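Notes follow the structure.
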Amino acid sequence: MRRAERLFQIIQILRRTERPTTGAALAAELEVSTRTVCRDIADLIGQRVPITGEAGFGYLLAADYDMPPLMLTPDEIEAVVLGAQWVAERGDRLLSPAARDVLAKIAAVVPDHLRPFIAEPSTSAEPVLAPVEERIETSILREAVRKRLKLRLVYRAEGGEETERIVWPVTLGYADARRVLIAWCELRGGFRHFRTDRMQAATLLDQPISVGGAELRRRWQAWRTIEVAKARSGI
């Protein structure tokens, strides 16, 4: 790792946490000596990066430190490219072109020596061979999640039965073969997974969800933990 990349990575590591990070921990992650970390920290402080602390107690980066945008490493660029490739293949009518636009914007502003990592990345996402056919615009589902509004769904079960549901959206999950809306279902009184290719209609209601977003997500995560445990135990 070049020294400039190492200095940038030190800032990234310190930004992850609000607690002091020791020089030994930084050295272990960067695979260098503690002495090298101390020297790098001193250089960063000399460049007016607001780092406080010392080797024996740990280092802290000021919470309001604003790093110049798009100071990306090659690995970070390839991670973004891989994610954008995946979304471009599997996203909806709005997300797919948005993913391609993101790559174009990054390519326009990164230094010349980093552009090959976008134009000729070392990784790639597998193309979708059988795109999912959907009757509804999945953008309305994402809007419901963002605005925390209820949705009215007309949903067709695997056996062909259609029901109308009022649901509280939690998140829209993307998988290789399909998309799934995870939501609390008022009809069933519990969390359910609704495949978007089985939705016959989706209407955004002007009805706020009564449970706070963080609380709803906490309940869903608790439910998911139980369901995963059941699946693993074969219950």
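Of the helices (runs of 4 or more DSSP H) lying entirely inside the stretch 1-50, those containing at least 3 residues that are over 19 Å from Asp75 (Cα atoms) and small (Gly, Ala, Ser) span 23-30. Looking at the stretch 75-172, the helices (runs of 4 or more DSSP H) lying wholly inside it that each contain 2 or more residues that are without any contact (Cβ under 8 Å) to a residue 60 or more places away in the chain, open to solvent by less than 80 Å² (accessible area, probe 1.4 Å) and more than 30 Å from Val211 (Cβ to Cβ) sit at 95-109, 116-119.
Considered as a group, the residues in the stretch 173-182 that are open to solvent by 30 Å² or more (accessible area, probe 1.4 Å) and among the charged types (D, E, K, R) include one that is nearest to Thr203 (Cα to Cα), and that residue is Arg178.
Scanning the stretch 188-235 for residues that are in a helix (DSSP H, G or I), loosely packed, with under 12 Cβ neighbours inside 10 Å and hydroxyl-bearing (Ser, Thr, Tyr) turns up Thr225, Ser233.
Here is a yes/no grid of residues against (1) within 30 Å of Gly173 (Cβ to Cβ); (2) in contact with a Cys (Cβ under 6 Å, 6 or more places away or on another chain); (3) at pLDDT below 90; (4) not aromatic (Phe, Trp, Tyr):
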site: Leu14; (1), (2), (3), (4): no, no, no, yes
site: Pro68; (1), (2), (3), (4): no, no, yes, yes
site: Ala79; (1), (2), (3), (4): yes, no, no, yes
site: Ala84; (1), (2), (3), (4): yes, no, no, yes
site: Arg90; (1), (2), (3), (4): yes, no, yes, yes
site: Lys105; (1), (2), (3), (4): yes, no, yes, yes
site: Pro111; (1), (2), (3), (4): no, no, yes, yes
site: Phe117; (1), (2), (3), (4): yes, no, yes, no
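Selection of the stretch 12-53 for residues being open to solvent by 60 Å² or more (accessible area, probe 1.4 Å), out of contact with any Gly (no Cβ under 8 Å at 6 or more places or on another chain) and of a type in the set (D, E, K, R) yields Arg15, Arg16, Glu18, Glu29, Glu31, Arg35, Arg39, Arg48. For the residues Glu120, Glu126, Glu164, Glu134, the requirement of being closer than 18 Å to Asp206 by Cβ and among the charged types (D, E, K, R) singles out Glu164.
β-branched (Val, Ile, Thr) and in contact (Cβ under 8 Å) with a residue 40 or more places away in the chain: does that describe Ile41? It is false that Ile41 is β-branched (Val, Ile, Thr) and in contact (Cβ under 8 Å) with a residue 40 or more places away in the chain. If we scan the stretch 168-189, do we find a residue that is of a type outside the set (A, V, I, L, M), more than 26 Å from Ile226 (Cα to Cα) and modelled with pLDDT of 95 or more? No, the stretch 168-189 contains no residue that is of a type outside the set (A, V, I, L, M), more than 26 Å from Ile226 (Cα to Cα) and modelled with pLDDT of 95 or more.
When Glu134 is tested against (1) under 21 Å from Arg90 (Cβ atoms); (2) modelled with pLDDT of 95 or more, just one condition goes unmet, and that condition is (2). Within the stretch 44-58, the set of residues being within 22 Å of Arg2 (Cα to Cα) and either touching a Pro at 6+ places or on another chain (Cβ under 6 Å) or free of Cβ contacts under 8 Å to residues at least 12 places away in the same chain (or both) comprises Ile45, Gly46, Gln47, Arg48.
The values are calculated or read from the model by the stated rules, or taken from the named source; none is laboratory data. Treat the numbers as computed from the prediction; the structure is a model and nothing was measured. Note: ideal-geometry Cβ built from the backbone for every residue, glycine included; neighbour counts use all protein chains shown. With ligands, DNA and RNA removed, areas are computed over all heavy atoms of the protein, side chains included. Shrake-Rupley method; radii C 1.70, N 1.55, O 1.52, S 1.80 Å.
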